[in-house]
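A.B. asks: Here's a structure for you.
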């Protein structure tokens, strides 16, 4: 009987060892699967540095370059007389007669040196336009004669005013005629230069020839 109780105790102990609490291994499994917490300011293990957003990021703006452009100089232009409609018809008729190769030489010459001279310096643009034709050298001489028959003040004033023309060819023709009439080659007028530069040379012409109305 005594041996039977001993046997029961041994069996109970064996059973207790097999089915006792095993909490520790479960805790180890839970800690193995639970992610580690990261401290503020640190990146999670295995993830590296955080990615930067796509697209350009705004940095410090560079200061705008200084504006070195010079303000446009406004050139004061004189009040240049223009022929009225009736006068322009007479000028056109005289120019047509002068260009008419079938007309008598004296008639052609009279058209330029009599009719147009009588009309006066207001015919200057049309006479200068004749000089643009380089095929006939005599035109240059006759045009020069036209201006020499005007009063000196009228001729110089009309030609200096044509230096303001919007047509570069006309500006060239006026400057060339002034140079021939005065033999003054030291003014340095350049018909192709900027307007402000041309204006400085025009003032020199006006001062040299006594032309009024040029500020």
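The values are calculated or read from the model by the stated rules, or taken from the named source; none is laboratory data. For clarity, every value in this text was computed on a predicted model and none was experimentally measured. Glycine also receives a Cβ, built like all others from the backbone with ideal geometry; neighbour counts cover every protein chain displayed.
Matching residues to (1) assigned to a helix (DSSP H, G or I); (2) within 42 Å of the chain's Cα centre (by Cα):
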{"position": "102", "(1), (2)": "no, no"}
{"position": "107", "(1), (2)": "yes, no"}
{"position": "113", "(1), (2)": "yes, no"}
{"position": "124", "(1), (2)": "yes, yes"}
{"position": "129", "(1), (2)": "yes, yes"}
{"position": "135", "(1), (2)": "no, yes"}
{"position": "143", "(1), (2)": "yes, yes"}
{"position": "147", "(1), (2)": "yes, yes"}
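A.B. asks: Here is a further query. Got a number for residues in the stretch 173-193 being under 33 Å from the mean Cα position of the chain (by Cα), surrounded by 13 or more Cβ atoms within 10 Å (Cβ to Cβ) and either without any contact (Cβ under 8 Å) to a residue 12 or more places away in the chain or in a loop (DSSP other than H, G, I, E, B) (or both)?
C.D. replies: 5
A.B. asks: Show the residue pairs that are 6+ apart or on different chains and have beta-carbon atoms under 7 Å apart, the first residue being within the stretch 129-150 and under 13 Å from residue 98 (Cα atoms), the second being loosely packed, with under 13 Cβ neighbours inside 10 Å and at pLDDT below 95.
C.D. replies: 139/133
A.B. asks: Hey, another quick one. Could you grab me the full set of residues in the stretch 202-215 that are surrounded by 14 or more Cβ atoms within 10 Å (Cβ to Cβ) and either assigned to a loop (DSSP other than H, G, I, E, B) or without any contact (Cβ under 8 Å) to a residue 24 or more places away in the chain (or both)?
C.D. replies: Listed by number, the residues that qualify are 203, 204, 211, 214.
A.B. asks: Condition first: over 17 Å from residue 175 (Cβ atoms) and surrounded by fewer than 19 Cβ atoms within 10 Å (Cβ to Cβ). Now tell me which residues in the stretch 114-138 satisfy that.
C.D. replies: 114, 115, 118, 119, 120, 122, 126, 133, 135, 136, 137, 138
A.B. asks: State the number of residues belonging to the stretch 163-172 that are part of a helix (DSSP H, G or I) and surrounded by fewer than 22 Cβ atoms within 10 Å (Cβ to Cβ).
C.D. replies: 4
A.B. asks: Also, I was wondering about something else. So which of 96, 111 is surrounded by 14 or more Cβ atoms within 10 Å (Cβ to Cβ) and at pLDDT 95 or above?
C.D. replies: None of the other options fit; the residue is 111.
A.B. asks: Quick check on my filter: what residues within the stretch 157-172 are more than 18 Å from residue 207 (Cβ to Cβ) and within 25 Å of the chain's Cα centre (by Cα)?
C.D. replies: Listed by number, the residues that qualify are 165, 166, 167, 168, 169, 171.
A.B. asks: Six or more apart or on different chains, Cβ atoms under 7 Å: show the pairs whose first residue is in the stretch 71-91 and in a helix (DSSP H, G or I) and whose second is at pLDDT 95 or above and surrounded by 11 or more Cβ atoms within 10 Å (Cβ to Cβ).
C.D. replies: Listed by first residue and then by second, the contacts come to 87/119; 87/122; 90/119; 91/83; 91/116; 91/119; 91/123; 91/126.
A.B. asks: On the basis of being surrounded by fewer than 19 Cβ atoms within 10 Å (Cβ to Cβ), without any contact (Cβ under 8 Å) to a residue 60 or more places away in the chain and farther than 17 Å from residue 91 by Cβ, does residue 196 make the cut?
C.D. replies: no
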